[in-house]
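Report on the following structure.
The values are calculated or read from the model by the stated rules, or taken from the named source; none is laboratory data. Since this is a predicted model, take the numbers as computed values, not measurements. Positions of Cβ are generated from backbone atoms using ideal geometry, with glycine treated the same way; all protein chains shown enter the neighbour counts.
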Amino acid sequence: MRTKFSGILTLFLALFVQILFAQQQTVSGTVTDDTGLPLPGATVLIEGTNTGKTTDFDGNYSIKANNGQTLVFSYVGFTSQKIKVTSATINVQLKQGEALEAVTIVAYGGAVNSAKVASAIATVDGSTIEQVPINSLDQILQGAAAGVSVNTGSGQPGQSGTILIRGRGSLQGDIEPLFVIDGVPVDQDNFRSLNQNDIESLSVLKDAAATAIYGNRGSGGVVIVTTKKGKKGSGLNIQYRTLYGVAVKPKTRFEVMNASQFLTFQRDLLPGNQFGDSLSDTQIAAISAQTNTNWSDIFFQQGTTLSHELSISTGSENTSSYTSLQYYKQEGITLGSDLKRFSFRNNFNGSSESKKFNYGTTLTLNYSVNNFIVDATRGGNTGGQLDNPFIVPYIGLPYLSPYNPDGSLNLVGTQGSGALNADGTVNASGANGFVNTAFLALNTARLNTDQENEFKAVGSISADYNFAKNLTAGGSVGIDYTNIELLQITAPGSIRGLITPSQASEEKGSQSETFFRDANFIANAFLRYQNDITEDLSVTASLYGEYNYSNTQSAGFTAFGLNPALPGSGSGFTAGNTAEFPADSNGDGVDDPEDQVFNYIPGVASSESEIALASVFATAAIDYQGKYGIEATIRRDQTSRFPKNPTGTFWSVAGRWNIDNEDFMSEVDVISTLKLRVSYGVVGNQNVGSRYQGLQTVNAGPSYQLGTGYNLGTLVDENIKWETANKFNVGLSFGLWNNRLSGELDYYREVTKDLFSQKLLSVAGTGYNQVTANVADMSNTGVDLQIAYDILRKSATNPWSVKIFANGNYNKNEVERLPGGFTGNTLRVAEGRPANTWHQVRWAGVDPSNGQPLYLDINGDITNVFNPDDAVYLDKNFDPTYTGGFGADISYKGFTLSSLFSFVADRYRQNSSLAIVEDVGLAGFANQSTTILNAWTTPGQVTDIPSLSFGGLRAVDGDRYIEDASFLRLRNVTLSYTVDSKILEKTNILSGMRIFVQGTNLVTWTKWRGFDPESNQSTGFFDYPVPRTFSLGFDLNF
Amino acid sequence: MKKYFLIPIIITLLFAVSCDDQLERFPVDSLVEETAYQSVSDLEAGLRGAINSINRGGGTASLIAFNSIFTDNTRIGGNNGGQQLNLLNQILNSQTGDQGTWADRYNAINNFNRVLAGAAAITPGASETSAYNEVLAQCYAFRAYLHHDVLTYYSEDLLNGSALGVHYQNTVSTSDFPARATVAENLTEIDNDLTLAASLMPSSSTDKNFATQDFITFLRARVALYSGDYTTAISNANSLISSYSLANQAQYTAMFNGDTDTTEVIFKFDNVQGNNSNIAFNWIFTGTGGNFIEMSTELFGLFTTGDVRRTVNVDPASDPGANPPLLTIGKYPAGADTNYINDYKAMRLSEIYLIRAEAHARKAAPDFAAASADVNAVRTARFGSPQTTAAYTSLNEAITGIKAERRLELCYEGFRFVDLKRYRNILNQGIERDASDCAGGIPCSLPVSSEKFTFPIPQAEINANPNMTQNSGY
């Protein structure tokens, strides 16, 4: 193997390398710390040049240098060494410098020494999310940090998930955290175009001390994304990375009938008239021998993921830059859903000779093309759309063949499915009908278009100037710009096209294009004072001013009647004023005006909204002897959203006690880190309803008889203001045995006051049954635990490193105050209970004597009458009580095995997909679960399926399908091999090489009876499941 | 030290960045209520918006759907995938049972009240007075119409003036928690609004798509009949019968198929392309035309050959001979214009004939001959040839005959449930479905004593409003 590698790489060498580097020699060696442990990631730079290398995981390096040049070895926290090149091997032992420990990225402050952080912040290292074939930044956080709960509603490439930090903090307002990329707040929903490989780290800001600085946008927590930057003095580094993966469907946790079962069931068991009724056993056998379709096999495909990425970073004494370019392509597990994206990122940082003036720019440009199929969450879908491919594995009739006689896929349907008339012509109504679901879904996925082209740019420029002793002034300007072009085509030749714009129109099909533009600007200026007043006392204080402005515009059209020869082109549109005369009501054979129909009138739309936020805020921090610290933040926000209450003030105070630095701890060797943190503060949430929620609007538009009509917009309470979250946090950061065991334990209690919720009104008195107002209170109380243990650490004598880690969150949510006691029907928000709790009539199984469905009445007694008034709170909640993740990183020499499991527990969802295949009312035209074969037939029979004579029970199911949606999932497992740098040095071109195989979402353990328990929807209704992915890739460093 | 001069500059800059005058942002796509109503033409826009907010036959809160599906005029359709199962199963509870009718009607009433409030702030010029008055008249007329709807469905006993009625909403409020008035008080308010409307309505207003003087007369007749004031019902009916004539068979067909004839229409909600409430989608799927609700076999059997109502109500796509029979409801066909655009004919002359028939039969000194003559007039028009209906001999017989005729004439127009409710105590009949129309666990009857003949006050109202009284049985 080794020879082979050298052989291949020698080829490279022959081609390029010798010519370029012939005059130099290779210097290699190992960089270790003062105890002899290798230092991975140390920098080796040729003095006075941009050329440099970093050491590998064993501390090894190799670099091309001329005799007489000087190499500078440096590592964070260690004193640099300069050594003149005199031989081919230079081993260096660096001495520990001033104790520079791990850093934490905080809001507005950049990186600070973790020991001096008094707030609750979880950091996710970028290396753990790199090269994971999940395309949406938010979803990557699942299981990665304590208190961060991520759920995606669809496995479709390009769909984003929902993130909750420490539970649901709002009832009607925004519940998701604010995302800030390199200082620029960005849209929460459009992450598909960001390249996660560009991320250096993610900081999840959880408590008030961390988030109060974001004022009225910080109550849901904040996720600060820091992207990779070149390191000053690191020289030139080039990296190429690639990944190839395949995605397959997850395990099916329900079973539907096969052809023979279904036809026999229709004939023998199901009341009423169905296709199977008149068939003999022989006929059934013949039909099912010929056709026994498992529609899962037809609709699921193997999706692929492909990524190529090139990144270049440079660092000289005063400037550094990082540039990356990525191409990423992901195909979904069903046809017609895929994502392609190009992303470009550049960070540039520079400073003046004196280092007093620093400046930086960041720029991300992304372009993605995303094709969607009809799924359960897209564009307000419910999942019940007949062209949703994921409905078909459930209800597709097994006796229908998906193939034409010539073996190709049948995209139209059959006579049996209602799509064809007896003479073989297509029946537009039948083709769009229930029985034809399977073919309709195939047809839509193949012939129709639902595509989003997204262009996203996030950029900023910032500078600061240390203009006087202890004083720094600075500022930044940033923009987050998203442009989405949506193209939806119902092709004239498709089944949906048959009835678009109408069944009788002569021309068919429609094309809709929507242009959406969202621009967010942020300008910020600050003045910072920093002074070590005495040896023991240091003070930092900053004053900021900030202005945010967002503008969102969209416009679009829908045109009808497409020329099939000009797909996607405006030249193919039928003129809007084309009249047709399908009927001749007076029978005179002439087109009369009263029979005139306009089928092709295009639809047009345009809208715009804006919001502005102006803020002044200040922070101060005092440190005494590195043992005690106090931080305080205050922010005054003014928003355009609440014209009557524009101003809000938010604040926090936090203290820390670094117990490990106390003198009395110097004797306690076992404890290396011990820090107590306490914080309290008030943060806000202004994201509720529309951007004009504080103004009573009147909508104008085409109304009765298409004349302009005025209608009151949503009734508002003009006195509304932001929701305020009062957050208390106490935490302990600890490290034992030289930080082999390290972790953070936090207890928090967050009480959100003035929550936006429904203030109940009398419809009879006011015309409205509710108005959104600041009327509710809710609390989240919980514990975050994050822990890691280095079982084995790599050393000069031990090639093994074994590390295990876990994080978890327990969160108890309670609605403390809600006018009217509750809102909602079966999924309720109710006072004294967690938000989103199920309230239903309890299903009590089947009466063995007569097969009748049984319920529990409100007193818990058995009854055979379904009465909605018997509904009770089930103590089952949609939001999970426990979330978290755990895993292990094991490495031996060049091999590393990393794994991450994520879990969600104590969460309940309504499984409406299963309710459909156990609804015998539909069994005439929809396949059924095999469980239906256990339906009650004889007195005394104990079964959980009622007698079929009671028909479809879906309206009276009660809590029958509210299922435990807890799960444990092997989220990611990676095995990688990093090639020894001693081998690579022979190539003279590669300085690092890593090869890996990876599995994502490989195994899921759950009681949920469907494809995928995970969702941000309380009801599962034919969702697009998250796929299992296997991938292979390598990283090359030059 | 001179560098410190930068500090004041920077601080000024900090506050400049957070300047306040950037914070006044007004919506681009909508008006603000305070300034929305400036002229009579704004009021007219408000009126159109308010009318548009009334249910026009399809969608949520469609009483056409409720009256048909809850009763015996429909059965589950061949393509039903769960649609309207609650109504078929006669589930009527305070959570969702009223189909949103209460909220829909009161919201529409509120819209009219807001137009009236806007009008109060405007003094019309001389040339605008007529237009201004018409807006007011329309608002009062529709307010009466909508309140009568609410009263009909939510009051337990329309014939008892001291029974609980509903709240009569005639002011704009965002904090009112009203109690229920009595039926008699409601009737007075309705009458007041109609009187005001009649006094303000210009005689030139004859557009059948809006309220007119005839609309007011019609509503008076209907209100009077439901509340037992039979002489008023008869006098108003007489007035309309003298100025309109019943549609002949061709006109009847054209009235429902393409909305091209309005001979006997007194008022209809206009549905047009681009603003259509899709009445047909109460029973068939958008686009495909598949049935999730079909005509009941019982009702189908009642349409005899020669009756134009058979061809109007039974869509040509039907196949009565199939097993099970396919009976597509044809009253709101794709029609000549193919786009399922059908007006909601809310007031037709035939109803007036049947109102007068019933009033004659129920008045203090019943005139059964006049009653049967009015029924016969309708039948004659529908058959296109003189029909004979023997004079009734008792109230029971008269009501049985009128109820049957109303079923045929007014099916799928939002009357069946109300008729069953109003006649149930005379005939001692609840809802009886034919066995073929209630297969598969769907209930076959609703007893005459059921509370479900009155809608429950929605739970949302009860929860919000401590002064509201729930109807008995809920």
Condition set buried (at least 19 other Cβ atoms within 10 Å of the Cβ) and in a loop (DSSP other than H, G, I, E, B), scope the range A:253-278, selection nearest to the other protein chains (Cβ to nearest Cβ): answer is A:Leu270
Taking the range B:258-293 only, how many residues are touching a Lys or Arg at 6+ places or on another chain (Cβ under 9 Å), within 14 Å of chain A (Cβ to nearest Cβ) and either assigned to a loop (DSSP other than H, G, I, E, B) or of a type in the set (Asp, Glu) (or both)?
7
So if I check each of B:Gly97, B:Gly57, B:Gly78, which one is at the interface with chain A (Cβ under 10 Å from one of its Cβ atoms), within 18 Å of B:Thr152 (Cβ to Cβ) and of a type outside the set (Lys, Arg)?
B:Gly97
Could you check B:Glu44 against (1) within 13 Å of chain A (Cβ to nearest Cβ); (2) on the phi > 0 side of the Ramachandran plot and say which number it fails?
(2)
How many residues are within 19 Å of A:Gly221 (Cα to Cα) and either hydrophobic (A, V, I, L, M, F, W, C) or not assigned by TED's automatic domain parsing to the domain that holds A:Leu202 (or both) if we restrict to the range A:124-167?
12
Any residue in the range A:916-941 that is crowded, with 16+ Cβ neighbours inside 10 Å sitting within a Cβ distance under 6 Å of a residue that is of a type in the set (Lys, Arg)? List the pairs, counting only those 6 or more apart or interchain.
A:Asp919/A:Arg954
Which numbered condition A:Leu792 fails, given (1) in contact (Cβ under 8 Å) with a residue 12 or more places away in the chain; (2) surrounded by fewer than 19 Cβ atoms within 10 Å (Cβ to Cβ); (3) among the hydrophobic types (A, V, I, L, M, F, W, C)
(1)
For the range A:692-715, give me each residue that is facing chain B (nearest Cβ under 8 Å) and touching a Pro at 6+ places or on another chain (Cβ under 8 Å).
A:Tyr692, A:Leu695, A:Thr697, A:Thr708, A:Gly709
Answer yes if at least one residue in the range A:52-63 is loosely packed, with under 15 Cβ neighbours inside 10 Å, more than 30 Å from A:Leu732 (Cα to Cα) and modelled with pLDDT under 80, and no otherwise.
no
State all residues of the range B:179-215 that are surrounded by fewer than 22 Cβ atoms within 10 Å (Cβ to Cβ) and in a loop (DSSP other than H, G, I, E, B); if no residue qualifies, say none.
B:Ala179, B:Ala181, B:Pro202, B:Ser203, B:Ser204, B:Ser205, B:Thr206, B:Asp207, B:Lys208, B:Asn209
For the structure I just gave you, tell me whether A:Asp944 is touching a strand residue (DSSP E or B) at 6+ places or on another chain (Cβ under 9 Å) and assigned to a strand (DSSP E or B).
no
Show the residue pairs meeting these rules: Cβ distance below 8 Å; 6+ apart or different chains; first residue within the range B:237-248 and free of Cβ contacts under 8 Å to residues at least 40 places away in the same chain; second residue polar (S, T, N, Q).
B:Ser239/B:Thr217
Taking the residues in the range A:920-941 that are among the polar types (S, T, N, Q) and outside any helix (DSSP H, G or I) as candidates, determine which candidate is farthest from the chain's Cα centre (by Cα).
A:Thr938
Select the strands (runs of 3 or more DSSP E) contained entirely in the range A:623-742, then report the ones holding at least 3 residues which are within 30 Å of B:Asn111 (Cα to Cα).
A:697-702, A:708-712
Answer residue from the range A:422-442, given it is away from every other protein chain (no Cβ under 14 Å) and in contact with a helix residue (DSSP H, G or I) (Cβ under 9 Å, 6 or more places away or on another chain) and is farthest from A:Gly568 (Cα to Cα) among those
A:Ala438
Which one is farthest from the other protein chains (Cβ to nearest Cβ) among residues in the range A:610-637 that are closer than 22 Å to A:Lys721 by Cβ and crowded, with 21+ Cβ neighbours inside 10 Å?
A:Thr633
Answer yes if at least one residue in the range B:216-223 is touching a residue at least 60 places away in the same chain (Cβ under 8 Å) and either in a loop (DSSP other than H, G, I, E, B) or surrounded by fewer than 16 Cβ atoms within 10 Å (Cβ to Cβ) (or both), and no otherwise.
no
Quick check on the range B:169-186. Is at least one of its residues within 19 Å of the chain's Cα centre (by Cα), more than 9 Å from chain A (Cβ to nearest Cβ) and over 19 Å from B:Ser472 (Cα atoms)?
yes
Scanning the range B:436-449 residue by residue, those assigned to a loop (DSSP other than H, G, I, E, B) and either within 14 Å of another protein chain (Cβ to nearest Cβ) or without any contact (Cβ under 8 Å) to a residue 12 or more places away in the chain (or both) turn out to be B:Cys438, B:Ala439, B:Gly440, B:Gly441, B:Ile442, B:Pro443, B:Cys444
Inside the range B:109-161, can you point out the residues that are surrounded by fewer than 23 Cβ atoms within 10 Å (Cβ to Cβ) and in contact with a Cys (Cβ under 9 Å, 6 or more places away or on another chain)?
B:Asn113, B:Leu116, B:Ala119
For A:Lys794, state whether it is within 30 Å of the chain's Cα centre (by Cα) and among the basic types (Lys, Arg).
no
By residue number, the members of the range B:100-113 that are more than 7 Å from every other protein chain (Cβ to nearest Cβ) and either part of a helix (DSSP H, G or I) or of a type in the set (A, V, I, L, M, F, W, C) (or both) are B:Thr101, B:Asp104, B:Arg105, B:Ala108, B:Phe112, B:Asn113
Condition broken by A:Tyr547, with the remaining ones in (1) assigned to a loop (DSSP other than H, G, I, E, B); (2) touching a residue at least 12 places away in the same chain (Cβ under 8 Å) satisfied:
(1)
For the range A:271-290, give me each residue that is at pLDDT 85 or above and either closer than 23 Å to A:Ser913 by Cβ or in contact with a strand residue (DSSP E or B) (Cβ under 9 Å, 6 or more places away or on another chain) (or both).
none
Kindly indicate which of B:Asp207, B:Asp214, B:Asp229 is of a type in the set (D, E, K, R) and farther than 23 Å from B:Asn133 by Cβ.
B:Asp229
Going through the range B:459-474 one residue at a time, which ones are small (Gly, Ala, Ser) and at the interface with another protein chain (Cβ under 9 Å from one of its Cβ atoms)?
B:Ala460, B:Ala464
Pick from B:Leu146, B:Leu87, B:Leu116: which is more than 9 Å from chain A (Cβ to nearest Cβ) and closer than 30 Å to A:Thr437 by Cβ?
B:Leu87
A:Gly384 - would you say it is within 23 Å of A:Gln1017 (Cα to Cα) and surrounded by fewer than 21 Cβ atoms within 10 Å (Cβ to Cβ)?
yes
